[in-house]
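FYI, it's all coordinate maths here, none of it is from the lab. The structure presented is a predicted model; accordingly, all values stated were derived computationally and were not measured. Quick reminder, even Gly has a Cβ in these numbers, built from the backbone with ideal geometry, and neighbours come from all protein chains shown.
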Amino acid sequence: MDSRFEQMIQVNIQGRVFVICQSHGITDPTIIGYYAEILEQTITAELTDESTPVDFQRILAEQADWLESEIAQVSMNPRSATPSQITDGAENKGDGRKPAATAVYKASGYMPEAKSMPELLKDRRAIIEHLLDNDCITLKLVTPTEAKKFKHGLLGREPEQAEEELVAQLRNVLHDQVRKFIRKHNGGPWASATLQHDIRVNITKTRTLRSLVTLSRQLLNERKEWLSKTRNSLTGRFFSGRVKMDK
């Protein structure tokens, strides 16, 4: 991947994130930058040296749809604080009053009142908490008890530092999952030393929880596909009672 391609990736991601955030009234550059970093880490993890601009645009579109849905979901549910601000169409619930200093009037040029540092930290932690409570538990990277413990450990800390430490621990969990599967199934879908090396490198390169979750889901799909093919083969039918996913 040459430098021009990498520069094109950064510019396109930043531009797409900026447009999405602006459309939802998000103006805080810290939050916009945080979302851009998440998408860049996730997309970079999915690209290879052979990837083309077409591949990049496809992955970017998928991740942009995810970001759009995340912000839209939060806009409809103000209590689940994420790095977004509530638009003027989502606040008329309950007693009908608008949340203080969060309504956004796109055409008037009105800017929402700046949030306090504790509020910003809470917003930026929310996406990590969401991934812990949902994707990480589903993918067995954490147990519900561990997720609760990790969320408690986020309180009062800079989200970037806390996420870095969290991802470092969960990378080890994913490494262990893959290693056990390879040993149990004689390599499985990653029978060659080159593939196993690439997996180790890809796991080690992850820096955000979002990118780790994306990689974990990709590896899980590869395992499922391999197991499905194995069960349909002669050997798979013979050993169908033994071959199953590791928990």
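Annotations for the structure displayed:
- Backbone HN-Hα couplings from phi across region 37-45 [Karplus 6.51/-1.76/1.60, Hz, Gly and Pro as x]: 5, 4, 5, 5, 5, 5, 5, 4, 5
- Sequentially through region 65-71, phi angles give Karplus couplings (6.51, -1.76, 1.60; θ = phi - 60°) of 4, 4, 4, 4, 5, 4, 5 Hz, Gly and Pro residues having no value and appearing as x.
- Once the chain from Lys140 to Ala168 is taken as fully extended at 0.36 nm per residue, the excess over their C-alpha distance is 8.5 nm.
- Residue ranges 36-49, 179-192 sort as 36-49, 179-192 when ordered by packing (mean number of other C-beta atoms within 10 Å per residue, highest first).
- Taking θ as phi - 60° and the Karplus parameters 6.51, -1.76 and 1.60, the scalar couplings of region 29-36 work out to x, 5, 5, 4, x, 5, 5, 4 Hz in sequence order, x denoting glycine and proline.
- For the listed residue pairs Lys149/Lys180; Lys122/Lys180; Lys122/Lys205; Lys151/Lys184; Lys149/Lys229, the alpha carbons are over 30 angstrom apart in Lys122/Lys180; Lys151/Lys184; Lys149/Lys229.
- Gained length - Leu195 relative to Arg4, 0.36 nm times residue gap less alpha-carbon distance: 66.0 nm
- For peptides 163-171, 203-211, sequence by mean Cβ density within 10 Å, most packed first: 203-211, 163-171
- The distance between label points at His175 and Thr48 comes to 2.3 nm (points 7 Å beyond Cα on the Cα→Cβ vector).
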